[in-house]
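Colleague: Starting off with a structure, shown below.
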Amino acid sequence: MNLHNYFTDFLSLIYPNLCLGCDDPLPKGSKYICPKCHYNLPKTNTYKLQDHIFKDKFDGVVPIAHVLVYTYFIKNGIMQHVLHDLKYNDNREIGVMMGRWFGHDLLLGGYSDSFDMIIPVPLHTERLKKRGYNQAAAFGSGLSEVLKVEQREDLLIRNKYIESQTRKSKVRRIQNVEGIFQVERGKDLSDKSVLLVDDVLTTGSTLIACAEPLLRAGIKNLSIAVMAGVK
Ligand SMILES: [Zn+2]
């Protein structure tokens, strides 16, 4: 444990943990988010609809059965704090928690039997080493737990060669998201209903780049679930 950890542990004795949404001290039994902010999460509830703004991002590009977006990403809003904590404050657990919460909504929404497996968007190897976990897989494991669907992190991989090529220039990196992911050789995905998960949906380009190799591998259908979506 380094000095910084000692210091933050010491502080938490004096100051209780604060809610990521409202900064108020968390009541006993609450973790990261207070009951009021949990209740007021900016949920999209679009999982109840077949067509919606997030589905539009994929229409005409790749066939996606369901685009399931838990919350709206609003600048300086609670989800920005949650995602920041998940990615930069070593808080894997909040991703799992969000996955569980969304999983319960999806069960109530009739998705109890819709998927054969969950596949998280793979993280850059370097970033995985640095962070120690894949934030998309954290969310996926919460969903997996509640939906009782296995999460597989070994099926979809990043193409390391293209990854190192694209690091050379920013422009090329954007153009080259396509082809960066592939299905691990020798893995049979045929006839599976796959739920691809990520933390945020913005333009959809990363998810589309993941969808293409999965669909080529002969899966039955592909759906997407994300913690937060940018309108
Ligand atoms: Zn709060």
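Colleague: With (1) within 15 Å of E153 (Cα to Cα); (2) part of a helix (DSSP H, G or I) as the list, and V197 as the residue in question, which single condition is left unmet?
Modeller: (2)
Colleague: Just one of the numbered conditions (1) modelled with pLDDT of 95 or more; (2) within 16 Å of the ligand (Cβ to nearest atom) is not true of S30; which one?
Modeller: In the conditions (1) modelled with pLDDT of 95 or more; (2) within 16 Å of the ligand (Cβ to nearest atom), S30 misses (1) alone.
Colleague: Taking the conditions exactly as written (at pLDDT 95 or above, surrounded by 17 or more Cβ atoms within 10 Å (Cβ to Cβ) and outside any strand (DSSP E or B)), does L86 satisfy them or not?
Modeller: Values: at pLDDT 95 or above: yes; surrounded by 17 or more Cβ atoms within 10 Å (Cβ to Cβ): yes; outside any strand (DSSP E or B): yes.
Yes: the conditions hold for L86.
Colleague: Still on this structure: Can you name every residue in segment 26-66 that is in contact with a strand residue (DSSP E or B) (Cβ under 8 Å, 6 or more places away or on another chain) and either in a loop (DSSP other than H, G, I, E, B) or surrounded by fewer than 13 Cβ atoms within 10 Å (Cβ to Cβ) (or both)?
Modeller: L26, L41, P42, T44, H52, K57, F58, V62, P63, I64, A65, H66
Colleague: In contact (Cβ under 8 Å) with a residue 12 or more places away in the chain, part of a helix (DSSP H, G or I) and of a type in the set (F, W, Y): does that describe F115? Spell out the reasoning first.
Modeller: Details: in contact (Cβ under 8 Å) with a residue 12 or more places away in the chain: yes; part of a helix (DSSP H, G or I): no; of a type in the set (F, W, Y): yes.
So F115 does not fit the description; no.
The values are calculated or read from the model by the stated rules, or taken from the named source; none is laboratory data. A quick note: this is a predicted structure, and the numbers were derived from the prediction, not measured. Ideal geometry is used to build each Cβ from the backbone, glycine not excepted, and the neighbour counts take in all protein chains shown.
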